[in-house]
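What follows draws every value from the coordinates through simple rules; no lab data is involved. Nothing here was measured: the structure is a model prediction, and the numbers come from that model. Cβ placement follows ideal geometry from the backbone for every residue including glycine, while neighbour counts extend to all protein chains displayed.
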Ligand code: CDV
């Protein structure tokens with residue numbers, strides 16, 4: 001029996017500061033219903049989907065900051081999304097800002113969850129590669145303060161057996177790091193899902209602005225191919241609070257080929273039937289890790305060439 005999963009990548013257009021959680025959840029539900037109509041088993045929403053991407057500006061009042069975070073999931077605002085997913089029998093992935101209390105301490109995470117067709121949370125991931133700065137950068141057209149607002153994720157990279165396959169989660173900047181995909185693939189990942197908020201302009205490195213869409217595709221396509229896995233990357237796109245963000249939400253096959261891509265910067269659902277056995281075909285051949293990886297020799301080559309890497 002072929003193992004196929006029909007996946008919807010539910011790109012979101014901008015979410016404005018004035019927009020309530022309830023209004024955003026209505027937009028998510030509209031996309032979820034479209035996903036159901038188009039046969040989806042799983043609909044993937046983006047990173048920090050419920051609010052504007054607040055790391056783009058500086059806040060100091062703890063109460064104002066915490067208002068962007070969810071202290072429970074489902075939260076009162078997201079309960080209708082869980083209810084509708086259960087009613088429709090469609091799973092989903094959701095990124096959100098999480099406020100947790102651990103050992104009596106408040107912690108803030110950039111989090112994503114995977115929810116099954118029964119409406120129950122299957123897995124949770126907290127973002128590890130936080131980009132940007134840990135303090136305000138005066139003079140910039142906008143901020144990138146993820147290191148200021150979020151703690152580094154403490155759940156590792158994990159996979160879950162779900163939707164008849166092996167599914168891994170990561171978030172936005174994680175997609176640029178080869179070890180993200182490799183750690184997930186070493187656990188057998190056949191489908192990796194992620195959301196992103198990626199500005200067109202990088203104030204710290206403006207010379208790379210023209211490459212921003214290319215780097216987005218490059219990292220996800222390489223990650224998919226080199227690790228024999230499907231990758232689904234979903235944007236929050238368009239101009240949000242003065243910051244223009246890329247779209248091009250994509251569904252990428254284990255061959256590295258893009259099989260579906262969003263064409264707008266708005267709410268848009270793209271859908272693809274993902275054959276998980278295609279991942280297995282690559283895992284059993286060119287990327288048969290057990291047979292073909294030569295990890296015991298990698299250090300030897302480095303030593304022979306006299307390259308010393310410290311830190
Ligand atoms: N949300 C992100 O992680 N964004 C980064 C930007 C700031 C470079 C990204 O890697 O897309």
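Is there a residue being under 15 Å from the mean Cα position of the chain (by Cα), within 17 Å of residue 144 (Cβ to Cβ) and within 16 Å of the ligand (Cβ to nearest atom) anywhere in the stretch 228-236?
Scanning the stretch 228-236, I find at least one residue that is under 15 Å from the mean Cα position of the chain (by Cα), within 17 Å of residue 144 (Cβ to Cβ) and within 16 Å of the ligand (Cβ to nearest atom), so the answer is yes.
Select from the stretch 207-223 the residues that are under 16 Å from residue 235 (Cβ atoms) and over 17 Å from the mean Cα position of the chain (by Cα) and list them in ascending order.
Passing the criteria: only 214.
Before we move on, is residue 150 in contact (Cβ under 8 Å) with a residue 40 or more places away in the chain and buried (at least 18 other Cβ atoms within 10 Å of the Cβ)? Full working, then the answer.
Values: in contact (Cβ under 8 Å) with a residue 40 or more places away in the chain: yes; buried (at least 18 other Cβ atoms within 10 Å of the Cβ): yes.
Yes: the conditions hold for residue 150.
Scan the stretch 187-194 and give yes if some residue there is outside any loop (DSSP other than H, G, I, E, B), within 14 Å of the ligand (Cβ to nearest atom) and within 30 Å of residue 284 (Cα to Cα), otherwise no. Before you say what the answer is, go through the steps one by one.
So in the stretch 187-194, the residues outside any loop (DSSP other than H, G, I, E, B) come out as 191-194.
Now narrow it down to the ones that are within 14 Å of the ligand (Cβ to nearest atom): 194.
Subset that is within 30 Å of residue 284 (Cα to Cα): 194.
The answer is yes; a qualifying residue exists.
Which of the residues belonging to the stretch 136-150 are closer than 12 Å to residue 204 by Cβ and either part of a helix (DSSP H, G or I) or more than 13 Å from the ligand (Cβ to nearest atom) (or both)?
Kept after step one, since they are closer than 12 Å to residue 204 by Cβ, are these residues of the stretch 136-150: 137, 139-144.
Selection gives 139, 141.
Looking only at residues in the stretch 171-186 that are within 9 Å of the ligand (Cβ to nearest atom) and without any contact (Cβ under 8 Å) to a residue 60 or more places away in the chain, which one is farthest from residue 127 (Cα to Cα)? Full working, then the answer.
Restricting attention to the stretch 171-186, the residues satisfying the condition of being within 9 Å of the ligand (Cβ to nearest atom) are 171-176.
Narrowing further to those that are without any contact (Cβ under 8 Å) to a residue 60 or more places away in the chain: 173-176.
Values: 173: 9, 174: 7, 175: 11, 176: 13 Å.
Of everything passing the filter in the stretch 171-186, 176 is farthest from residue 127 (Cα to Cα).
Residue 85 fails exactly one of the following numbered conditions: (1) touching a residue at least 60 places away in the same chain (Cβ under 8 Å); (2) in contact with a strand residue (DSSP E or B) (Cβ under 9 Å, 6 or more places away or on another chain); (3) surrounded by 14 or more Cβ atoms within 10 Å (Cβ to Cβ). What is the number of that condition?
(1)
Against the conditions (1) part of a strand (DSSP E or B); (2) over 23 Å from residue 165 (Cβ atoms); (3) away from the ligand (no atom under 16 Å from the Cβ), where does residue 97 fall short? Just the number, please.
So residue 97 meets the others, but not (3).
Can you pull out every residue in the stretch 257-302 that is exposed (fewer than 11 other Cβ atoms within 10 Å of the Cβ) and assigned to a helix (DSSP H, G or I)?
Across the stretch 257-302, the qualifying residues are 290, 291, 292, 295, 296, 297, 298, 299, 300, 301.
Taking the stretch 195-230, which residues are in a helix (DSSP H, G or I), in contact (Cβ under 8 Å) with a residue 12 or more places away in the chain and over 13 Å from residue 182 (Cα atoms)? Working first, answer last.
Step one: of the stretch 195-230, the residues in a helix (DSSP H, G or I) are 206-226.
Next, from what is left, pick out any that are in contact (Cβ under 8 Å) with a residue 12 or more places away in the chain: 212-213, 215-217, 219-226.
The answer is 212, 213, 215, 216, 217, 221.
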